[in-house]
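The values are calculated or read from the model by the stated rules, or taken from the named source; none is laboratory data. Everything numeric in this text was worked out from a predicted model, so none of it was measured. Because the Cβ atoms are built from the backbone with ideal geometry, glycine has one as well, and the counts that use them run over all protein chains shown.
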């Protein structure tokens, strides 16, 4: 009977010593690349002036290392067009969005094209309010060119990627240090 009594108490003891706060794994950093242009406009429709390519809506959340949503985080995005060309003289396919009270963001763009040596990708800088900036890249899942790209990281693939009716949607949750 003593063994049963100790066994019955064991889960309670574990509960008292278990940490109460969750932690989330930080999103890996990746290179900024040569095509970043500071001063992108605040806008969620990066493809407003683009006439070709498959429309893509990306939405998600920005969390801190304790898995708490970050209100007011900036998500700065830039990418190549469907032909693999960057706009280096203006702000086509470039823009910034700010997260809402629940850390959510959304932007519209096009599926980026491949350019020599790189698989299609979207560059992102996520800055927590008063915090550090994470620079990374997002990738289209399932492309053969992913395996040939020296920068590609599987955990940076867009999640829930769907292509339906000529439009694509995807999600991604960023975890950054406050």
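One table, with the values for the structure above:
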quantity	calculated
When residues of segment 129-142 are limited to those that are closer than 15 Å to residue 29 by Cβ and modelled with pLDDT of 95 or more, the one farthest from the chain's Cα centre (by Cα)	133
Tabulated pairs, segment 22-41, first within 22 Å of residue 177 (Cα to Cα), second at pLDDT below 95 and surrounded by fewer than 13 Cβ atoms within 10 Å (Cβ to Cβ), C-beta under 9 angstrom, 6+ apart or interchain	26/177
Considering residues of segment 115-128 that are at pLDDT 95 or above, more than 25 Å from residue 72 (Cα to Cα) and outside any strand (DSSP E or B) only, the residue farthest from the chain's Cα centre (by Cα)	119
Selected residue [farther than 15 Å from residue 58 by Cα and in contact with a strand residue (DSSP E or B) (Cβ under 9 Å, 6 or more places away or on another chain)] from 135, 98, 169	135
Filter pass, residue 120 being out of contact with any strand residue (DSSP E or B) (no Cβ under 6 Å at 6 or more places or on another chain), farther than 20 Å from residue 63 by Cα and buried (at least 17 other Cβ atoms within 10 Å of the Cβ)	yes
The listed residue being closer than 23 Å to residue 176 by Cα and in contact (Cβ under 8 Å) with a residue 60 or more places away in the chain, out of 68, 79, 61	61
Meets criteria (loosely packed, with under 14 Cβ neighbours inside 10 Å, at pLDDT below 95, closer than 24 Å to residue 102 by Cα and more than 19 Å from the chain's Cα centre (by Cα)) for residue 21	yes
Residue satisfying all of: in segment 143-170; assigned to a loop (DSSP other than H, G, I, E, B) and within 17 Å of the chain's Cα centre (by Cα); nearest to residue 31 (Cα to Cα) among these	151
